[in-house]
Amino acid sequence: MNDSQLKIIPLGGLGEIGKNMMAIELSNDIVVIDCGLQFPSYDLKGVDLIIPDAKYLLESSKRITVLITHGHEDHIGALRYLEPLLDCKIYAPKFAELLLSRESKFKYPIKIVESRVSYQICDGLSATWFSMSHSIPDSMGIVLHTSLGEIVHTGDFKLDFDDEKYQITDKTFLENLRNQDIAILMSDSTYAEIPGVTPSEDILEEPLSEIIENAPGRCIFSTFSSLIRRIQRIIDISERYHKKVCFVGSSMHKYTDLAFSNGYLKAESGTVVNIKYLATLKASEVVIIMTGSQGEPRSALVRLSNNELDNLTLDENDTVVLSSGVIPGNERKVSDVINKLVGNCREVVYQPLNTVHVHGHAAVEELQWVINTVRPKYFIPIHGEQKHLVQHCKIATEIGIEDERVFMMTDGDIGVLDDKGFRIEDRLNLTEIWVKGRRIYDACEVLQQERSAVSNSGVCVINLTVTHRDVVVSKCSEFGVVPQEKKKQFRIDVEAAVTDNQVKLLELMDDLVVNKGRIDEFIRNLIYKMYRVNPKIICNVTFS
């Protein structure tokens, strides 16, 4: 690879939601934009998190530098696992740096970046961050300055030029890009199916004020703990109506503690109270902000709906507000929570019945504006499922970017930019990397099949003692095979079935190593005939 060529390799986030990671490879360096995680689907058992496959980076002898756009977990969450392996330096906006430093210790101090300041990252590449409105503080896009032109990476964003209180998209900076040599624009595709413009946070002022002012009892808001501007708005409105604010949930405390201590959140003295003091306050003077808007099993809202939350129970005069959108895949969980809440409190307020949430991603007209404003030579949609990337490609071509200059890359594609232009030349064979606790391992289809079988039919562990004349069950244990009241009878039945089939079992013992699978299968068939279930069989044989 020579100095007049660079590679663009998405390692995550293209063709999926989450684990965003984009590698830009030069002659002696690889610059990585974001390093995020993905939460597993409900049917992926025994997996806590999914992170990008960084094998290509780990096998490279080149220097690695990571540039962060913002602090959401799908953009920074994999760093705590991969940074020790990559031995990389990290540049990040302040709020992202605060989150990273709180969670992990890194070999090198994280360099905090400011908007509109150019940083020399390595030989042949400098970077300038610029402000983009999103649903977490200090969200930014990045311009990479190279000898082959500028590469613009929007990060996650919406335009929101009109927000009066909080971070807005740097319109002037984006407009000035049209005067530069923009080789490639890589733009967020998450909302590419949604027409129009994503509204500003300001439209929530009136509906949230009305809810808080008129609630006869407590107002209980559930929202994303990283959505600091929403939390600040709820605090401001609460203070206007002389109400106290209480935070509930470990994630909510993590983000709000960080935000208050670093000036991202502000409240008058006495506004924020501890949950243990709520009983001393009049219900109509209380506003509670908690986690659980996505129906996470152990979140505060879910525990509240199940009457399992310490120091807080649902009251018939409470108003519960789900001030959030539903992340794809969480629809069933959120619906279940709403169904539990409805009827047990005065009112449950949620989208689309009421306007209590606006999203943090750009809709079609905003995506069009960015492409028209930047006018790149080449366009690559990023961040989204296949359908989002396809739609974003259509948006680009419909407003005049030629088909041959629009590239729908997916994870693993290797794109090359040189003086001849941009093209996709090759592809990496990527796999999912699973995390369980602190353990990292490659995705394994057989492992999931075994876990699925266990979850569907349970496990039966049988210890057989064999003499030259008979086979005896010395121990029989089952987990998840039969209900509690049938467990004793199940053991009796298995012991009897083994006794009745000693001759056949002794035949299978002639060559234990060869026929171990047949012994398990034979006992499984005996159990199926009696109980019509096919548990996982673990059979231990001892010769006496």
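The mean of 1/r over all distinct Cα pairs in region 447-543, once inverted, gives the Kirkwood hydrodynamic radius of 13.6 Å. Between region 378-415 and region 245-275, the alpha-carbon centres lie 41 Å apart. Peptides 284-295, 105-116 ranked from most to least packed by the mean count of surrounding Cβ atoms within 10 Å: 284-295, 105-116. By other beta-carbon atoms within 10 Å, ranking R332, R375 with the fewest at the front produces R332, R375. Span-like helix criteria (full DSSP H runs; alpha carbon extent of at least 24 Å along the helix axis; mean Kyte-Doolittle hydropathy of at least -1.0) are satisfied in the chain by 512-531. In whole angstrom, how far apart do the alpha carbon centroids of region 225-240 and region 57-119 sit? Cα centroid of region 225-240 versus Cα centroid of region 57-119: 28 Å apart. On the principal axes of its alpha carbon atoms, the chain extends 91, 70, 44 Å, with the longest extent given first. Using C-alpha pairs under 8 Å with a sequence gap of at least 6, the mean separation divided by the residue count of the chain gives a relative contact order of 15 percent. Bridgeable lysines around K282 (alpha carbons under 18 Å apart, same-chain partners fewer than 8 residues away excluded): K243, K244. Listed by chain and number, the lysines whose alpha-carbon sits under 24 Å from that of K486, ignoring those within fewer than 8 places in the same chain, are K475, K529, K536.
Of the cross-linked pairs K105/K276; K89/K158; K111/K420; K19/K387; K19/K266, those separated by over 23 Å at the C-alpha level are K105/K276; K89/K158; K111/K420; K19/K266.
Here the dipole of region 447-543 is about 320 debye; that uses its Cα centre as origin and unit charges on the Cβ of Lys and Arg (positive) and Asp and Glu (negative). Charges were assigned to the Cβ only: +1 to each Lys and Arg, -1 to each Asp and Glu. The resulting dipole of the chain about its Cα centre is roughly 1880 debye. For q = 0.09, 0.14 Å⁻¹, what log10 I(q)/I(0) does region 202-350 give under the Debye formula with an equal point scatterer on each alpha carbon and no solvent? With no solvent term, the Cα-only Debye profile gives -0.24, -0.61.
Bear in mind these aren't lab numbers, they're just calculated from the coordinates by the rules spelled out. Nothing here was measured: the structure is a model prediction, and the numbers come from that model. As a convention, Cβ positions derive from the backbone with ideal geometry for all residues, glycine included, and neighbour counts pool all protein chains shown.
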